[in-house]
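Written out below as structure tokens is the structure these notes cover.
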Amino acid sequence: MEKLFEPIRVGRLDLPHRICMAPLTRSRAAQPGNVPTPLMACYYAQRASAALIISEATQVSMQGQGYAWTPGIHSREQIEGWRRVAEAVHEAGGRMFMQLWHVGRISHPELQPDKMLPVAPSAIRPAGEAFIENERGEGELAPFVTPRWLQLEEMPYLVRQYTRGARNAQRAGMDGVEVHGANGYLPDQFAESRTNRRNDEYGGPVENRARLLLEAVETCCDVWGSEAIGVRISPLSTFNDIGDDNPEETFGYIAGKLNDFKLAYLHVVNPAAAQIEKRLPSEPRALRMVELIRKNYRGTLMMAGGFDRDSAQTWLELGRADLIAFGRKFLANPDLPERFRRRAPLNRDDPSTYYGGGAKGYTDYPTLAQEKGEQPAPCVDEAWR
């Protein structure tokens, strides 16, 4: 049997293979309230053949939102919406973790309660633009603003946002949660030196800068137990204007500390993703980082970014990962594991439908069985509007 299709025990779950669905922001939550919809339940249920689905990033509070129309997990209505999603996935035989998200400075006053400033470890304005809803109800890009730095006495409240998010995900019927510590969002902003200029218990040496991430992980473990917790990190990434002066020290330390929790898995955004996607040799520094993470984190390792079927199989065989998460390929191919088994052609994804909208480019991608007329056509129900 190819490694890609070998079963594996991950935390409390027995997974039938190694092909996971990566978190994908789609900006389709119902308004007002950023509530998951029946169409979202259809979308995730279509992809239940993934070994494990990781939900789109889901804000733990109103303060944690950074993009228009993204779902939350801090209100009763959101919990009920996510319960419909979890039930649909489970009825289809799938398993699902919810990714818990606080964007920090990658936001805008238009997305914040009472139009307040976004928060961050330090008052450093990121380069780039926020995706907001304009007064006409349309998606629009607006320049980021200089965030407000979080005061020390606010930190326990911030951690409690993750506690509440973890409990609410449990109430919604998820199988576990993933703490989003990657991609330049708030825990990553604290962890990396170029966005954290603090001189208190949450700044300076890596032991302090990693504190928020580790506290968020610890409180989620208290709610769920460590075997139902995943964590995502993105070493060497520059996304969302993030960076670190000594990433080997920072992420080597983080990987080692996370190893102590005995988590379900550690989810790494592959630092060699760009080269793998272009079928080029990986940069030596990227591979050294992968090796460092693998050395310091001895549990189940999930890798995401740039993989196709063959490169995923190679990385599993080389022992660089235990699970491979696919994003855009799962977006366009709800039956991706079956297509990989058969080495069947893949649907091409449509970038113009990634964010916002309805069923088009969301639930209308066909499976192999639907293409052959063996199953009903894909779900294109717009009634949620």
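Table for the structure above
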{"read-out": "Condition met for Gly128 (surrounded by fewer than 16 Cβ atoms within 10 Å (Cβ to Cβ) and at positive phi)", "value": "yes"}
{"read-out": "Residues (open to solvent by less than 20 Å² (accessible area, probe 1.4 Å) and of a type in the set (Lys, Arg)) located in the range 321-346", "value": "Arg339"}
{"read-out": "Hits in the range 150-174 (condition: in a loop (DSSP other than H, G, I, E, B) and open to solvent by 40 Å² or more (accessible area, probe 1.4 Å))", "value": "Gln151"}
{"read-out": "Wholly within the range 283-378, helices (runs of 4 or more DSSP H) carrying at least 1 residues that are touching a strand residue (DSSP E or B) at 6+ places or on another chain (Cβ under 9 Å) and within 15 Å of Phe5 (Cα to Cα)", "value": "309-317, 336-342"}
{"read-out": "Hey, Leu263 in contact (Cβ under 8 Å) with a residue 60 or more places away in the chain and either of a type in the set (A, V, I, L, M) or in contact with a Gly (Cβ under 6 Å, 6 or more places away or on another chain) (or both) or not", "value": "yes"}
{"read-out": "Hits in the range 1-23 (condition: under 27 Å from Ser61 (Cα atoms), in contact with a Lys or Arg (Cβ under 8 Å, 6 or more places away or on another chain) and either outside any strand (DSSP E or B) or open to solvent by 30 Å² or more (accessible area, probe 1.4 Å) (or both))", "value": "Pro23"}
{"read-out": "Extreme residue, most open to solvent (accessible area, probe 1.4 Å), among residues of the range 265-282 that are farther than 26 Å from Glu338 by Cβ and in a loop (DSSP other than H, G, I, E, B)", "value": "Lys278"}
{"read-out": "Filtered residues of the range 147-186 (kept if over 19 Å from the mean Cα position of the chain (by Cα) and more than 19 Å from Tyr202 (Cβ to Cβ))", "value": "Arg171"}
{"read-out": "Selection within the range 231-253 - under 18 Å from the mean Cα position of the chain (by Cα), more than 24 Å from Arg18 (Cα to Cα) and among the β-branched types (Val, Ile, Thr)", "value": "Thr238, Ile242"}
{"read-out": "Whichever residue in the range 306-320 is within 27 Å of Arg26 (Cβ to Cβ) and in contact (Cβ under 8 Å) with a residue 40 or more places away in the chain and, among such residues, is least open to solvent (accessible area, probe 1.4 Å)", "value": "Ala312"}
{"read-out": "Test: residue in the range 87-108 that is open to solvent by 10 Å² or more (accessible area, probe 1.4 Å) and closer than 30 Å to Val145 by Cα", "value": "yes"}
{"read-out": "Subset of the range 121-146 (residues that are in a loop (DSSP other than H, G, I, E, B) and over 30 Å from Glu201 (Cα atoms))", "value": "Asn134, Glu135, Arg136, Gly137, Glu138"}
{"read-out": "Filter result (in a helix (DSSP H, G or I) and over 25 Å from Ala228 (Cα atoms)) within the range 26-76", "value": "Pro38, Leu39"}
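Results for (1) out of contact with any Phe, Trp or Tyr (no Cβ under 6 Å at 6 or more places or on another chain); (2) closer than 18 Å to Gly176 by Cα, shown as yes or no for each residue.
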| residue | (1), (2) |
| --- | --- |
| Ala41 | yes, yes |
| Ala45 | yes, yes |
| Ala57 | no, yes |
| Met62 | yes, no |
| Ile79 | yes, yes |
| His90 | yes, yes |
| Gly94 | yes, yes |
| Trp101 | yes, yes |
| Leu111 | yes, no |
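The values are calculated or read from the model by the stated rules, or taken from the named source; none is laboratory data. The structure displayed is predicted, hence computed values, not measured ones. No Cβ is skipped: glycine too gets one built from the backbone with ideal geometry, and neighbour counts run over all protein chains shown. Side chains included, ligands, DNA and RNA excluded: accessible areas come from the protein's heavy atoms. Shrake-Rupley method; radii C 1.70, N 1.55, O 1.52, S 1.80 Å.
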